[in-house]
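The values are calculated or read from the model by the stated rules, or taken from the named source; none is laboratory data. These numbers come from a predicted model, not from an experiment. When we count neighbours, we look across all protein chains shown, and the Cβ atoms used for this are built from the backbone with ideal geometry, even at glycine. In case anyone asks, the SASA skips ligands and DNA or RNA and just uses the protein heavy atoms, side chains included. Shrake-Rupley method; radii C 1.70, N 1.55, O 1.52, S 1.80 Å.
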Amino acid sequence: MGVDGPIGDGVAFRFREADSRLAIQYDPRVVSPGRMFDYIAQWHRTPLFEFTPTMDDDAIARFRAQPLRKVKIKLATPRNLAAIEDAAAPAALALRDLGEDYEAPVVTLELSMGHAKGHLADGAKQMTEGFLRMLGQGADVRGIVVTPDAGEGIDNEDINLLDQLLSDKDEIASPPNDPDAIYEACARHVERVLARHQQ
C-alpha cells in the first residue's frame with residue numbers, strides 16, 4: 001500500500017536523548033501511542049526499544065497507598081499483546097482469548113467487591129500497574145479506572161489512572177484548515193512541555 005506521507009504524520013512528538021524521554025501528542029484518531037510502539041516493534045522484529053510510561057509521582061503514590069474496591073480495564077485489539085508481566089498475565093490472556101474467540105476488537109474486564117465488605121487482593125493492584133506498564137509495550141489500553149477503599153464513611157471516588165500519566169492538556173491556537181500549520185503548532189507545544197519536564 002502506498003502512502004503520500006509518513007504514517008502518523010498528524011501526531012507531533014519530540015525525543016530527548018539526554019534522558020531518553022519521549023513526549024507525544026495524544027490523538028488516537030490519527031495514531032495512538034500503543035499503535036506507534038507496536039509499529040516500531042513489528043518493523044525491527046527485535047526488542048531495540050523499551051517504552052515505560054511516566055506517571056505522576058503523587059498520583060501513583062495515592063493509588064498504592066489505598067486498597068482497591070474495584071478495577072476496570074478496557075483493552076483494544078487484545079490479540080496483539082506483546083510482553084505480558086506476571087501479575088497481569090491471567091487477566092491479559094483472558095482478554096486476549098475473549099477477543100479472539102468472539103472477534104471483539106475491544107474487551108473490558110471488571111473486578112469488584114460489589115456489596116461485600118473488604119477489598120480486592122494486592123494482586124489486583126499489581127495487575128493494574130502491569131497494564132499501565134504495558135502501555136509502553138504496544139498494548140492498546142483504552143481505560144484503567146480504579147475505585148480505592150478510602151475507609152469507613154468516606155466516599156470512594158473513581159480514579160482514571162490513564163489521566164494520571166504525566167500529561168499536559170491545553171488548547172493550541174492554530175489556523176483552521178491548514179494541516180501543516182496545525183502540526184507545527186502542536187510540535188512547538190510538545191517541545192515546550194518536554195522542556196518543562198527535565199531529568
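Some observations on this one:
- Full extension of the chain between residue 62 and residue 185 gives 40.8 nm of extra length, using 0.36 nm per residue less the Cα-Cα distance.
- Bridgeable lysines around residue 70 (alpha carbons under 23 Å apart, same-chain partners fewer than 8 residues away excluded): 117, 125.
- Residue-count net charge about residue 130 - beta-carbon cut-off 11 Å; Lys, Arg +1, Asp, Glu -1: -1
- Residue 119 accessible area, 1.4 Å probe, all protein chains in place, Å² to nearest 10: 90
- Peptides 14-24, 90-100 ordered by average Cβ neighbours within 10 Å, highest first: 90-100, 14-24
- Range of Cα positions in the stretch 78-133 per principal axis (Å), largest first: 36, 23, 14
- Extension gain (nm, one decimal) between residue 172 and residue 106, 0.36 nm per residue minus Cα-Cα: 20.7 nm
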